[in-house]
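Report on the following structure.
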Amino acid sequence: MHLFKIIDFLKKETGAEYLICGDPCYGACDLVDIKYKGLGVELLIHIGHTKIPALKDTEIPVLFLNAKADLDINEVLEKAIPSINGKNIGVITTAQHFHVIEDAIKLLKNNGFNPIVSEGDKRIDFAGQILGCNFSSASMIKDKVDMFLFIGSGNFHPLGMILCTNKDVIACDPYSKKVSFRELSEYKDMLLKQRYGAISNSKMAKRFGIIISHKEGQNRIDEAFRIKELIEKKGKKAFLIAVDYLNPQSLETFREIDCFVSTACPRIAIDDYLCYKTPIITPIELEIVLGIRKWEDYQFDEIINK
């Protein structure tokens, strides 16, 4: 909503010409430096995310400008205090709210808790941050905390933490001022039923399409070849399909595929599952389909950079 105001400001201050990227952008994993270098672009300004340190040098310089949420979190944190159980509390948030994580730590200490914040793996830019594809900041301290406090909106991030750590999570939404605890458990049950259905619908599949993303931060071609080998060892067929922008329409032409396995963004198979006519699952779910992993060992797919 502020795009043209930003462009006007930049033109006035620099005198340079600016090209607006008209494609959707899904995060710091979704850069367009290679494409735009061919258009003569000399600098890419990426607004809304922090960088992914593990990604290699880009074709052109990228300036990451995180969009910080200008919200007071004290009110919603105060609401959460009575529901927090235990002494050692892991504090987790997203890029939009990392600048207030110290406020959360201070409030927890003032109420007698011991807040713990952890660095993640090389995909994570700052301590206490999680991404939709990476929960390492939480999993690295799961044995040191009694539960987690998540600052941010939506159910996906806290649910991922629950499944990756097997710890309770209380979520504080700075936008709605709502505190969620039991609701997350209900959402977890609903989502797991959906994923169980996706796995069950894939067990009779004979031809698998393995999705590989062109996007640099989502490209897991080694993982794609690994699961291709697993599928073929079971006497089934597997086909590697490279895509840039993955959507239901782009897969409808592959009518002979019985099941798609996405090695792209882990959220695609989860968030958009109902939009696809053919089942789409994650590599971890494929292992359950093939009998390599038990359903009881289910967990969210993550992109890990050690």
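The values are calculated or read from the model by the stated rules, or taken from the named source; none is laboratory data. Since the structure is predicted, the reported quantities are computational estimates derived from the model, not experimental observations. Please note: Cβ atoms are built from the backbone with ideal geometry, for glycine as well, and neighbour counts cover all protein chains shown.
What the table shows:
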quantity: Elements of type strands (runs of 3 or more DSSP E) contained in segment 43-132, each with 3 or more residues being closer than 20 Å to His157 by Cβ and in contact with a helix residue (DSSP H, G or I) (Cβ under 9 Å, 6 or more places away or on another chain); calculated: 88-93
quantity: So Thr58, is it in the same structural domain as Gly160 (by TED's automatic domain parsing) and surrounded by 14 or more Cβ atoms within 10 Å (Cβ to Cβ); calculated: no
quantity: Any hit, segment 155-167, residues being in contact (Cβ under 8 Å) with a residue 24 or more places away in the chain, assigned by TED's automatic domain parsing to the domain that holds Asn85, β-branched (Val, Ile, Thr) and in contact with a Phe, Trp or Tyr (Cβ under 6 Å, 6 or more places away or on another chain); calculated: no
quantity: Residue identified as of a type outside the set (Phe, Trp, Tyr) and assigned by TED's automatic domain parsing to the domain that holds Phe208 among Lys277, Lys306; calculated: Lys277
quantity: Matching residues, segment 173-189, being closer than 26 Å to Thr282 by Cα and surrounded by 12 or more Cβ atoms within 10 Å (Cβ to Cβ); calculated: Glu183, Leu184, Ser185, Tyr187, Lys188
quantity: Qualifying residue in segment 255-268 (condition: assigned to a helix (DSSP H, G or I), out of contact with any strand residue (DSSP E or B) (no Cβ under 6 Å at 6 or more places or on another chain) and under 20 Å from Val289 (Cβ atoms)); calculated: yes
quantity: Subset of segment 170-218 [assigned to a strand (DSSP E or B) and within 19 Å of the chain's Cα centre (by Cα)]; calculated: Ile170, Ala171, Cys172, Asp173, Ile211, Ile212, Ser213
quantity: The one condition in (1) more than 30 Å from Ile304 (Cα to Cα); (2) surrounded by 12 or more Cβ atoms within 10 Å (Cβ to Cβ) that Phe4 fails to fulfil; calculated: (2)
quantity: Segment 225-249, subset in a helix (DSSP H, G or I) and in contact with an Asp or Glu (Cβ under 9 Å, 6 or more places away or on another chain), residue farthest from Leu274 (Cα to Cα); calculated: Leu230
